[in-house]
1. What is the one condition in (1) farther than 23 Å from residue 187 by Cα; (2) modelled with pLDDT of 80 or more that residue 146 does not satisfy?
2. Just the residues that are of a type in the set (Val, Ile, Thr) and surrounded by 13 or more Cβ atoms within 10 Å (Cβ to Cβ), please, taken from the range 161-172.
3. On the given criteria, is residue 149 in contact (Cβ under 8 Å) with a residue 40 or more places away in the chain, in a loop (DSSP other than H, G, I, E, B) and aliphatic (A, V, I, L, M)?
4. Take the residues in the range 190-239 that are of a type in the set (Gly, Ala, Ser) and surrounded by 13 or more Cβ atoms within 10 Å (Cβ to Cβ); name whichever of them is nearest to residue 144 (Cα to Cα).
5. Can we say residue 113 is among the charged types (D, E, K, R), surrounded by fewer than 16 Cβ atoms within 10 Å (Cβ to Cβ) and at pLDDT below 85?
6. Could you tell me which of the residues 26, 67 is part of a helix (DSSP H, G or I), farther than 30 Å from residue 146 by Cα and not assigned by TED's automatic domain parsing to the domain that holds residue 227?
7. Considering each residue of the range 240-260, count those that are without any contact (Cβ under 8 Å) to a residue 60 or more places away in the chain, surrounded by 13 or more Cβ atoms within 10 Å (Cβ to Cβ) and within 27 Å of residue 101 (Cα to Cα), and give that number.
8. Would you mind stating whether residue 73 is hydrophobic (A, V, I, L, M, F, W, C), modelled with pLDDT of 90 or more, farther than 30 Å from residue 191 by Cα and surrounded by 16 or more Cβ atoms within 10 Å (Cβ to Cβ)?
Amino acid sequence: MKFDRIPIGRFSLMTHLTQKALRFYDKKGLLVPEAKDAFTGYRCYTSAQIERGIKIRTLSWMGFSLDKIATLLDAQEQGDSAIIRELMQERCAHTEKEIRRLQKVQQVLLGQKDTLELYSMSVSEPTIKELPQIRVLSKSETGSYEVTIGKLIGELFGFIETRNNPRSNIKITGPCMFICHDEEYRETDAEIEVAIPISGSISIDDLDVNLTTLPAARVVSAIHTGPYNEVGVAYTHLFEYMKEHGLEPAGPSRSLYINDPDEVPEEELMTEVQLPVR
């Protein structure tokens, strides 16, 4: 066998990638064998592909998705250092966030209080509120909660800033909010609407931005203090309260972001969750 025809087993040993992973990368077009035996179907790689295989393994270990790995490798081949730097910085930010999460997990595990007790302490007692109609600017998009909510909030604030002047006198009259239309949790295709209460005169020339009025509603409300990804515990309290008081859901929930994540640490973030009821 020629030196530059490396069977998949030997290539697996060289790159520390399992044969299962190599077959998957082949299917995805990320690391395609240079040749396949016409009779046996065996995959054969070349010595030039070893470096690419090692890079894929290293980037995967660093937490990059296959799509991001493909983008990084293409950018390296094209000499596009800007793309590489951007993706590295993005991954670094996610890593720092994960480190903070794990440090919090460690603190809970080493602490004296029961974990469930800690979560209970992060949510205020549910209350009933009568909400009036609210005039809002809103924007909708399908995506992941973690990325899309922040993206839409930034775009709405940017839209308001470009339209505001002494004549229009636009004022933000309440915290921005996420309106959840989904009936189940979705990883990447959630139906996300973000809204900001406003007053004043504003012209809408962007088809993606809506000026609308949220209807008056009777809601059961609670305030969660802590990271956004832990706000689910507030829903537990709210649904328990609804069950005790014979209430039923009557529309999409609203999550109001009371303070700014750029100004306070994660453990001090405050989110008011409102569930319309009847």
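1. Exception for residue 146: condition (1).
2. Residues satisfying the conditions are 170, 172.
3. Against the criterion (in contact (Cβ under 8 Å) with a residue 40 or more places away in the chain, in a loop (DSSP other than H, G, I, E, B) and aliphatic (A, V, I, L, M)), residue 149 does not qualify.
4. Per the stated criteria, the residue is 190.
5. yes
6. 26
7. 1
8. Yes: the conditions hold for residue 73.
The values are calculated or read from the model by the stated rules, or taken from the named source; none is laboratory data. Since the structure is predicted, the reported quantities are computational estimates derived from the model, not experimental observations. Heads up, the Cβs are rebuilt from the backbone with ideal geometry, glycines too, and the neighbour counts pull from every protein chain shown.
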